[in-house]
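K.L.:
Pasting in a structure now, in structure tokens, and then I'll have a few things to ask.
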Amino acid sequence: MQGSANLNLMMKAARKAGRSLVKDFREVENLQVSSKGPGDFVSRADTAAEAIIREELMGGRPTYGWVGEESDAVEGADPTRRWIVDPLDGTTNFLHGLPHWAVSIGLEHKGEIVAGVVFDAAKDEMFVAEKGQGAWMNQQRLRVSGRTKMIECIFATGVPFGGRGTLPATLQDLGRLMPACAGVRRWGAAALDLAYVAAGRYDGYWERGLHAWDIAAGIILVREAGGIVGPVREGDDVLEKGALIAANAEMFKPLASVLRGE
Ligand code: IPD
């Protein structure tokens, strides 16, 4: 894929931050056994990765706005464009030495996501997409899965932790969906859940209670791979509400119907 200058800049920033995170991840594995644990170290790794990305992106495009998980938002001189960045999606996995986390960078133009990069640095998988250019992983074109029978489908979700208010709704979803499908996975990194739908590894994914930086890049990956992304509750704005359903085009409706209790 011949990416635009913006996409190349996003990939460069993701690789640079990914390299720094991989180095820190090796250290985290050693810190598991210490009595203090790796908590502070991981928040420093997260902040450092965001600083790397911010320097690359804001240095390269100083007029764009910025929304990142770890630093203050910036309203750009160009109000139509902004970066939406999660330097480390899957922080809890990272903290526990589980190699399933990613750098996520989305570019929004006039309220629409036009480019996305999700970089799984531990597995060296770079998922990228640009509006109208398809979705790719390490130069390989991505397509959503072709499954059309719910009983054969594997779906992913996030189960809320630490007393988050969306737990009852998620348990209700699981009660409705699990008897009807081949399985539900909960791997703890929303950006990768979406990338895996784009790659046809999952047939669909849904979650509530997310932030724009968890999902901005993943949304365009799914759409450009031929899938559908929509809100959990009809009419809601996906990025603003942080509640979404993503699936291959055949399975979107049946999955949405089950989750909406229709
Ligand atoms: C989290 C992950 C996780 C999701 C959580 C998010 P973070 O993002 O995407 O899969 O279930 O709701 O907060 O905190 O690791 O960037």
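The values are calculated or read from the model by the stated rules, or taken from the named source; none is laboratory data. Please read all numbers here as calculations on a predicted model, not as lab measurements. Here the Cβ positions follow ideal geometry from the backbone for every residue, glycine too, while neighbour counts run over all protein chains shown. These accessible areas exclude ligands, DNA and RNA; they are computed on the full protein's heavy atoms, side chains included. Shrake-Rupley method; radii C 1.70, N 1.55, O 1.52, S 1.80 Å.
K.L.:
What's the local net charge at Gly68, with K and R +1, D and E -1, over the other residues with C-beta under 9 Å away? Numbers along the way, then the final one.
P.N.:
On the way: positive: Arg54; negative: Glu50, Glu69, Glu70, Asp72, Asp86.
Charge balance near Gly68 sits at -4.
K.L.:
At a 1.4 Å probe radius, which order do Lys23, Lys16 fall into by accessible area, largest first? Don't jump to the answer; show the numbers that get you there.
P.N.:
Details: Lys23 140, Lys16 85 Å².
Result, largest first: Lys23, Lys16.
K.L.:
Compute the orientation-averaged projected area for the chain from the convex hull of its Cα atoms and round it to one decimal in nm². All intermediate terms of the calculation are to be shown ahead of the outcome.
P.N.:
Working: hull surface 54.4 nm².
Approximately 13.6 nm², given one-decimal rounding.
K.L.:
Same structure again: Using r as the Cβ-Cβ distance of Glu262 and Ser4, and R0 as 45 Å, what FRET efficiency do you calculate, to the nearest 0.05?
P.N.:
On the way: r = 40 Å, r/R0 = 0.88.
Taking R0 as 45 Å, the efficiency between Glu262 and Ser4 is 0.70.
K.L.:
Go ahead and estimate [θ] at 222 nm for the chain from helices alone: -39,500 (n - 2.57) per DSSP H run with n ≥ 4, summed, over the residue count, rounded to 500.
P.N.:
Working: 8 runs with 99 residues, N = 262.
Rounded to the nearest 500, the figure is -12000 deg cm²/dmol.
K.L.:
Report the GluC sites (Glu not before Pro) located in region 1-105 that are in a DSSP loop and have at most 16 other Cβ atoms inside 10 Å of their Cβ, or state none. Mind showing how you got there, number by number?
P.N.:
Details: sites: Glu27, Glu29, Glu50, Glu55, Glu56, Glu69, Glu70, Glu75; in loops: Glu69, Glu70, Glu75.
Listed in order of number, the matching sites are Glu75.
K.L.:
Then there's this: In whole percent, and with a 1.4 Å probe on the protein chains, what portion of the accessible area of the chain is carbon and sulfur?
P.N.:
Values: 5880 of 11630 Å².
The nonpolar share, carbon plus sulfur, comes to 51 percent.
K.L.:
Would you kindly derive the ³J(HN,Hα) couplings of region 252-262 from the backbone phi angles with the Karplus curve 6.51 cos²θ - 1.76 cosθ + 1.60 (θ = phi - 60°), listing them in order in whole Hz, with x for Gly and Pro?
P.N.:
Once θ is set to phi - 60°, the couplings for region 252-262 become 4, 5, x, 5, 4, 5, 4, 5, 8, x, 8 Hz.
K.L.:
Then there's this: Quick check: pseudo-label points 7 Å beyond the Cα along Cα→Cβ at His109 and Arg185, how many nm apart are they?
P.N.:
According to this spin-label approximation, the distance is 3.2 nm.
K.L.:
Tell me the label-point distance for the pair Leu174, Lys149, using the 7 Å Cα-to-Cβ offset, in nm and rounded to one decimal.
P.N.:
2.6
K.L.:
Additional query: Probe of 1.4 angstrom, ligands and nucleic acids ignored: what's the accessible area per residue over the chain, in square angstrom? Intermediate results must be reported in sequence, preceding the final value.
P.N.:
Values: 11630 Å² over 262 residues.
That works out to 44 Å² per residue.
K.L.:
Provide the per-residue ³J(HN,Hα) series for region 154-167, in order, calculated from phi with Karplus coefficients 6.51, -1.76, 1.60 and θ = phi - 60°, each as a whole number of Hz, with x at glycine and proline positions.
P.N.:
10, 10, 10, 8, x, 9, x, 10, x, x, 5, x, 8, 4
K.L.:
Distance between the C-alpha centers of region 85-109 and region 122-167? Whole Å please.
P.N.:
So the two Cα centres are separated by 14 Å.
K.L.:
Sticking with this one: If you take every DSSP beta bridge fully contained in region 150-259, what fraction is antiparallel? Give it as a percent rounded to 5.
P.N.:
Working: 9 of 15 bridges.
Roughly 60 percent of the beta bridges in region 150-259 run antiparallel, per DSSP.
K.L.:
As a test of understanding, state the convex hull volume per residue of region 150-259 from its alpha carbons, in Å³.
P.N.:
Working: hull volume 9.8 nm³, N = 110.
Given the Cα convex hull of region 150-259, per-residue volume reads 89 Å³.
K.L.:
I would also like to ask the following. Near Tyr205, within a Cβ-to-Cβ distance under 11 Å, what is the net charge of the other residues, with Lys and Arg +1 and Asp and Glu -1? Could the numbers behind the result be given before it?
P.N.:
Numbers: positive: Arg185, Arg186, Arg201; negative: Asp193, Asp203, Glu207.
With Lys, Arg at +1 and Asp, Glu at -1, the neighbours total 0.
K.L.:
Explain nothing, just compute: Karplus ³J(HN,Hα) = 6.51 cos²θ - 1.76 cosθ + 1.60, θ = phi - 60°, for every residue of region 137-144 in order, whole Hz, x for Gly and Pro.
P.N.:
10, 6, 6, 9, 5, 9, 9, 5
K.L.:
Oh, and also: Could you calculate the contour length gain from Glu27 to Ala77, that is, 0.36 nm times the residue separation minus the distance between their Cα atoms, to one decimal place in nm? Let's see the in-between values first.
P.N.:
Values: separation 50, 0.36 × 50 = 18.00 nm, distance 3.93 nm.
Value of the extension gain: 14.1 nm.
K.L.:
Could you please report the charge total around Arg141, scoring K, R as +1 and D, E as -1 over all other residues with beta-carbon less than 15 angstrom from its beta-carbon? Each step should come with its number before you reach the end.
P.N.:
On the way: positive: Arg143, Arg201, Arg223; negative: Glu125, Glu130, Glu224.
The answer is 0.
K.L.:
In this model, which of Lys123/Lys241; Lys110/Lys241; Lys23/Lys241 are farther than 26 Å apart at the alpha-carbon? Mind dumping the intermediate values first?
P.N.:
Values: Lys123/Lys241 30 Å; Lys110/Lys241 18 Å; Lys23/Lys241 34 Å.
The pairs that break the limit, which is 26 Å between Cα atoms, are Lys123/Lys241; Lys23/Lys241.
K.L.:
Further question: Once label points are set 7 Å from the Cα along Cα→Cβ at both Gln139 and Lys36, what is their separation, rounded to one decimal in nm?
P.N.:
Taking the simple label geometry, Gln139 and Lys36 are separated by 4.4 nm.
K.L.:
Additional query: FRET efficiency for Val159 and Asp236, Cβ-Cβ distance as r, R0 = 22 Å, nearest 0.05?
P.N.:
Working: r = 21 Å, r/R0 = 0.94.
Efficiency at R0 = 22 Å is approximately 0.60.
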